Amino acid sequence: MVAVRPGSPLAGSVTVDGSKNAALPMLATAAAVRRNVQLENVPASADVQAMIALLQGTGWNVAQAVGRPDALLVMAPEHAPAVPDLSRASAIRASYYLVPALLALRGTARLPWPGGCRIGQRGMELHFKVYEAFGDHVTIQDAGYSVEAGGQGSGGTVSHALPFRSRGATIAAVLRAVVADRALRLGRPNLSPEVLAVLDALRSAGWQAKVSDRFLALDPASTLADEIQTWRVPGDKVEAGTLACAVAATSGKARIDGIHGRDLVPFQAALQRLGIPTSVRGEALLVDGSSNTSPTGRPLRAIATLSPGGLDADFEPPLMALALGRPGTHLFADSINPGRHGNLLPQLARLGADIEEISPTECRLTGPQRLTGAGVEATDIRTGSALMVAALTARGITTLGGVAQLRRGHAD
């Protein structure tokens, strides 16, 4: 449990950890290329530790680089274990990223249904369609699913179009093409920074990747790099956004290092609309919330979207917590994670927040509102971080339970 008591404005500088949402598929990519990969800036969050344990349990050698606590060396197995240890696969959603690597190693992947944050139905139907496009056979059971590699062999181009821009299905398609050593033409891909980080890693290993708003093309290179690959996990954009909201909520002023400015453009636009100045200098986000005493912002419309250049859904909860203290009537919508508002809104209500639920995925609130400390629960990662932001401005002490959820997404 964490106890939060409001204090002086947050000020100073801080460096974000590596992105959990990028580290997980990059670990799976390291397994899929079957070469020695050194992965740097790896966060020590619980979900990442679970993914490492899964790799080790299925035959990959994963070791910490000498003198580098944030660097891991992932080495391809020479032999697959007779009985893989997948006991932790149901604890994290990202376990599904391992399907292509398991197909390359064993010819089959048998996994329990993925876990992770309980924020609504996030099925795997699009993943299964991807595997079927490669000729694989999918079997669905109550306890999990299995994918059997098809017998089409390498060569030829696989063409497939997604009905919407799923990040998980996009990465599944890319990694399946890698282990099959086949060209891929994917329509309507997800182009989030996490997907682009995977493509950058593959380019360094010799693959050719081109992307546009409508199309992703991936082609094997005639010769692949033999030396140890060194990939770096990008800084956690959502952690940076959450910290920025905390700084702004307390009328503070801070520098947040370790980010790619392009990843924060939609988030910065939201802060700007709320009257909070930000700027990017190199790999740092500068936030000045000192104008909170006389807000000059406008009503915010925070609409989560999978479209390129849109607002990532994980930014929405901390922005909602921040908007509670800003004047105007603000609208929030997240149809990507339909159960998230059902987690977050009742917890904010415990602090005295008055939020109108328009639909299960839309809500609005009018600020500024005065919150009062209470006992709240982090039911998922982003609900927990939003409650931390809200607690910084509540009168009295707020006690936050469910800290294990925060540890899943953040190392510290």
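Fully extending the segment from S212 to E125 would add 28.9 nm, taking 0.36 nm per residue of separation and subtracting the current Cα-Cα distance.
Between T366 and A404, the modelled labels are 4.2 nm apart [label points 7 Å from Cα along Cα→Cβ]. Residues R93, R382, R167, R301, sorted by accessible area with the largest first, give R301, R167, R93, R382 [1.4 Å probe; ligands and nucleic acids excluded].
Here the Gaussian network model covers the chain, with springs between Cα atoms less than 10 Å apart; of M124, M51, M26, M124 fluctuates the most. Helix 340-350 and the longest principal axis of the Cα set of the chain meet at an angle near 30°.
Each label was represented as a point 7 Å from its Cα along the Cα-to-Cβ direction; for R281 and T139 these points are 6.0 nm apart. Among the chymotrypsin sites (Phe, Trp or Tyr not before Pro) within the range 135-238, those in coil by DSSP and having at most 11 neighbouring Cβ atoms inside 10 Å are F164. Straightening the chain between A44 and E356 buys 108.6 nm, computed as 0.36 nm per residue apart minus the Cα-Cα spacing. Share of pairwise Cα-Cα distances greater than 21 Å in the range 259-373 is 38 percent (whole percent).
Would you please put 342-351, 318-327, 241-250 in order of how densely packed they are, using the mean number of other Cβ atoms within 10 angstrom per residue and starting with the highest?
Highest to lowest by the protection proxy: 241-250, 318-327, 342-351.
If you fit an axis through the alpha-carbon atoms of helix 193-204 and take the longest principal axis of the Cα set of the chain, what angle between them do you get, 0 to 90°, nearest 10? For helix 193-204, the angle is close to 40 degrees. Summing +1 for each Lys or Arg and -1 for each Asp or Glu among the other residues whose beta-carbon sits under 15 angstrom from that of D200 gives +1.
Each 20 Å bin from zero up to the one holding the largest Cα-Cα distance in the chain carries the following percent of pairs: 27, 55, 18, 0.
Taking Lys and Arg as +1 and Asp and Glu as -1, the other residues whose beta-carbon sits under 11 Å from that of L311 total -3.
Angle check, please: helix 167-180 long axis (alpha carbons) against the longest principal axis of the chain (alpha carbons), in degrees 0 to 90, nearest 10. On a 0 to 90 degree scale, this one is about 20. The value obtained for the range 20-232, namely the Cα convex hull volume divided by the number of residues, is 116 Å³ per residue.
Overall, the anisotropy analysis places the range 37-82 in the oblate class: the square-rooted eigenvalues a ≥ b ≥ c of its C-alpha gyration tensor yield a/c not less than 1.5, with a/b not exceeding b/c.
Only alpha carbons enter this Debye calculation for the range 157-308, each as an equal point scatterer, and the log10 of I(q)/I(0) it gives at q = 0.19 Å⁻¹ is -1.08.
Solvent-accessible area of the range 19-139 (1.4 angstrom probe, protein heavy atoms only): carbon and sulfur portion equals 48 percent. Distance between the 7 Å Cα→Cβ label points at D181 and A80: 1.7 nm. Net charge in the neighbourhood of M75 (other residues with Cβ under 10 Å of its Cβ; Lys, Arg +1, Asp, Glu -1) is +1. Solvent-accessible area per residue in the range 20-232 equals 42 Å², computed with a 1.4 angstrom probe and all protein chains kept.
Let me know the shape class of the range 243-312, please: from the alpha-carbon gyration tensor, a ≥ b ≥ c as square roots of the eigenvalues, rounded when a/c is under 1.5, otherwise prolate if a/b is greater than b/c, or oblate. Oblate. Peptides 68-76, 355-363, ordered by how many other C-beta atoms sit within 10 Å of their residues on average, highest first, read 68-76, 355-363. R298 contributes about 130 Å² of solvent-accessible surface, heavy atoms of the protein only, 1.4 Å probe. Note on the chain: helix-only mean residue ellipticity at 222 nm, from DSSP H runs of 4+ residues weighted -39500 (n - 2.57) and normalised by residue number, equals -9500 deg cm²/dmol.
The values are calculated or read from the model by the stated rules, or taken from the named source; none is laboratory data. A quick note: this is a predicted structure, and the numbers were derived from the prediction, not measured. Here Cβ is always computed from backbone atoms with ideal geometry, including for glycine, and neighbour counts include all displayed protein chains. Remember, those area values only see protein heavy atoms, side chains included, never the ligands or the DNA or RNA. Shrake-Rupley method; radii C 1.70, N 1.55, O 1.52, S 1.80 Å.
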